[in-house]
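No lab work stands behind these numbers, since they all come straight from the coordinates. What you see is a predicted model, and the numbers here were worked out from it, not measured in a lab. Cβ sites come from the backbone with ideal geometry, for glycine too, and all protein chains shown count toward neighbours.
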Amino acid sequence: MHVDWPPFAAFLAAGDRARVVWEAWQDYADPYARVEAHEHERLQEMLGPRSRAETRRRRPDLAARAAAAAAWLTGRSATDGVVEDQQVHIGQLRLNLRPAVVSTIDNTRYTVLVHGGQVPMPGPVAAALVAAVERGAGGPDRQAGQRRSGAVLDLPSGHLFTAANTPPAEPPLAEARTFATLWHRFDLLASRLAIASHIPADTDIPGWDLAQVEWAGVRRILDVGCGTGRHLRQLAGSGRAVIGVEPSLGAVRHAVRDVRASGVVGNLDNLPIASGWADLVLAMHMLYNLPDMDAGLAEIRRVLRPGGQFVVATSARDTLSELHQLFDESVRALHPGPWRNRAAPHLHRFDLSNGGARLARVVRSVARRSHEIPVAIAGAEPVAAYVDSTRPWREPHLPPGLSWEATMAEVRRRANETVARDGCFRVTLREGLFVCR
């Protein structure tokens, strides 16, 4: 193996990989943004004498990345490289995925998307991603007439997928559905936003959330998973220091546009925030997405000052129960025999019924607050789109012989019937939060 690319060679060889990662971090996150004080403090933490212990305790993924990359590079020569966001087109989706490593390996220019999930990537998903990366394999360093080859490095298996060792990609619509099983949050988020557009105009959900906070002594606020920035917008004029965190640079820029708040690229595996910086941490409707919630909660405790508040929002298990009832009734209409719906969405990992017990293991006090929001959905299509977005976790539990397409046709028929009869489809959002100290 010959690696003539100093940052990558240092990453492969370093006993202290955290140092290599954090030295490159600020340029990777945003080469045009100034580094704020809290980020300087975090960089100093990561580069200090405790860095090796931090790497072993908080960043075991770095060792996995290095091992997988080194195994693939055995017998090969990597002569140069850059790290960039990689835009891919999947059906109608336009997504920026990171990190993508662009390197010349054995005289072939590769764009390699690194997948660091918890389980090995299924073949059809890998094929969809390889095809997507191949289509989007342009970039600022691309030379005229030079074609890049797309590849996906799957860290759990240590396997590199390329066009040569994966089956042909599925047609675009099927490819989009396959992709959604891996990154289901995009599909689910889009359908939820469609439902949210029917919430009454005088309903202020972020305002209700923030009204539950005890504001005495709160000067610095961290919004982890700030999404579209709806809480940031209400906090920006408060005179407090406010920071929003999202995993991608595009999401951060979108969240803080026209808002007097800072934004940083990061996630709950390893926040780029100094220890004890925040008086208040918000985690709104995101904790159930974490593969390791306990590690995420530990990271929140790290950035929270002693005595600070942590507010986490989630939904009740029976939120939008009318939509779940619609699905169950549609299945039973097509399959009159015995059937029990055993599907459980990832939301149930942390909801208003079980979230308090999990939080009580790591904080001194937990107070639960909840509210209900009636919503009248004007048409049947947003109803059907929401149900259709639950396909990854519902379809495996359908009765034998019943297809998803037939089930969705019945869902649409019943939703249209309800809208024609009542003028709308009525649902109830049941949401709440936990205030923790």
Longest to shortest principal axis, alpha-carbon extents of region 193-325, angstrom: 45, 34, 32
Region 216-227 - phi-based ³J(HN,Hα) in whole Hz, Karplus 6.51/-1.76/1.60, Gly and Pro as x: 4, x, 8, 10, 10, 10, 10, 9, 8, x, 6, x
List M408, M284 from most exposed to least, where exposure is judged by having the fewest other Cβ atoms within 10 Å. M408, M284
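Order by neighbour count: T314, T418, T228, fewest other Cβ atoms within 10 Å first, most last.
Listed from fewest to most nearby Cβ atoms, that is T228, T418, T314.
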Label-point gap, in nm, between D292 and R426 - each point 7 angstrom along Cα→Cβ: 4.7
Label-point separation, N107 to Q325 (7 Å along Cα→Cβ), nm: 6.9
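Given the Cα atoms of region 280-414, and with Rh set as the inverse mean 1/r over their pairs in the Kirkwood sense, what is Rg to Rh to two decimals?
Working: Rg = 18.5 Å, Rh = 17.3 Å.
Looking at region 280-414, the ratio lands at 1.07.
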How far apart, in nm, are the 7 Å Cα→Cβ label points at N416 and A196? 3.0
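Taking 0.36 nm per intervening residue step and subtracting the Cα-Cα distance, what contour gain separates H371 from R76 on full extension? Please list the in-between numbers first.
Details: separation 295, 0.36 × 295 = 106.20 nm, distance 5.88 nm.
Between H371 and R76, full extension yields an extra 100.3 nm.
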Order of Y288, Y110 from fewest to most other C-beta atoms within 10 Å? Y288, Y110
Once W215 and R317 are pulled to full extension, the length gained, defined as 0.36 nm per residue separation minus their Cα-Cα distance, is 33.8 nm
